[in-house]
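Beneath this line is the structure, given in structure tokens, with notes to follow.
None of the figures in this text is laboratory data; all of them are computed from the coordinates on show. Just so we're clear, the structure is a prediction, and the values are computed from it rather than from any experiment. Because the Cβ atoms are built from the backbone with ideal geometry, glycine has one as well, and the counts that use them run over all protein chains shown.
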Amino acid sequence: MNLPERGPSQVRIGIAIEVPEPFATELQDARARFGDPLARAIPPHITVVGPTVVDESVLPAVGEHLEKVVGDVPAFRVHLRGTGTFRPVSPVVFVAVVEGIAECEILEQAVRTGVLDQDLRFSYHPHVTVAHEVPDAALDRAFDELAGYEAEFNVDAVWLYEHGDDGVWRPQRRFPLANGTTAP
């Protein structure tokens, strides 16, 4: 995984939509089954803003920013179905978002402003990674085995994750979307 360097008094954060249970365990177990060494370090999620390094002193401003912009985005529904891949550009297989794409894009555009404004290496494409940087045979197996995978859930919040010194991404704070806890 390509992570930005972190210096003293800095933290590596990410903003993501949490995949709820029972789907989180299903997808995490599948990722482990495909031999992905990061299966237990990265909870299943849809990235909103990828790994970003900020000074610890900026974290309160990040929180204020997320409260403001996320609270203006309505809750929505996500439907995951089937698989896709970023090969040959990147050795990734993912479960595709087939409903909620536009809403994820609106959320990403709102969040990636202000203190979190940054250029992207690749165009934003909401998805849930199930195999990354594993041998081609494992990528092929992930693509085939999860081709029929399907899950639906409401998105009523995003999470601020922090990347620990042990390499594990952990949720730190929940930021609710507009409309409370249910999607229309």
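Residue by residue, the stretch 61-70 carries 3J(HN,Hα) couplings of 5, 4, x, 4, 4, 5, 4, 5, 6, 5 Hz when phi is fed to the Karplus relation 6.51 cos²θ - 1.76 cosθ + 1.60 (θ = phi - 60°); x denotes Gly or Pro.
When you filter the trypsin sites (Lys or Arg not before Pro) in the stretch 91-168 for DSSP loop state and at most 11 other Cβ atoms inside 10 Å of their Cβ, you are left with R121.
The fewest-to-most ranking of Y149, Y161 by surrounding Cβ atoms within 10 Å reads Y149, Y161. When you filter the GluC sites (Glu not before Pro) in the stretch 1-95 for DSSP loop state and at most 15 other Cβ atoms inside 10 Å of their Cβ, you are left with E5.
Could you run the Debye sum over the Cα atoms of the stretch 10-176, one equal point scatterer each and no solvent, and tell me log10 of I(q)/I(0) at q = 0.09, 0.12, 0.16 Å⁻¹, two decimals? The computed values of log10 I(q)/I(0) come out as -0.29, -0.52, -0.94. For the stretch 92-141, the equivalent ellipsoid derived from the alpha-carbon gyration tensor has semi-axes of 27, 14, 6 Å in decreasing order. Among A24, A131, A75, the largest mean-square fluctuation in a Gaussian network model of the chain (Cα springs under 10 Å) belongs to A24.
Largest GNM mean-square fluctuation among P88, P44, P74, using the chain with Cα springs under 10 Å: P88. When the chain is treated as a GNM, springs tying every alpha-carbon pair under 10 Å, which of R173, R31, R81 comes out with the largest mean-square fluctuation? It is R173. Extension gain, D72 to D144: 0.36 nm times the residue separation minus the Cα-Cα distance gives 22.1 nm. Starting from the Cα of R87, move 7 Å in the Cα-to-Cβ direction to define the label point; list residues of the stretch 38-78 whose amide nitrogen is under 19 Å from there. It comes to 38-39, nothing else. Neighbour counts of other Cβ atoms within 10 Å put D136, D36 in the fewest-to-most order D136, D36.
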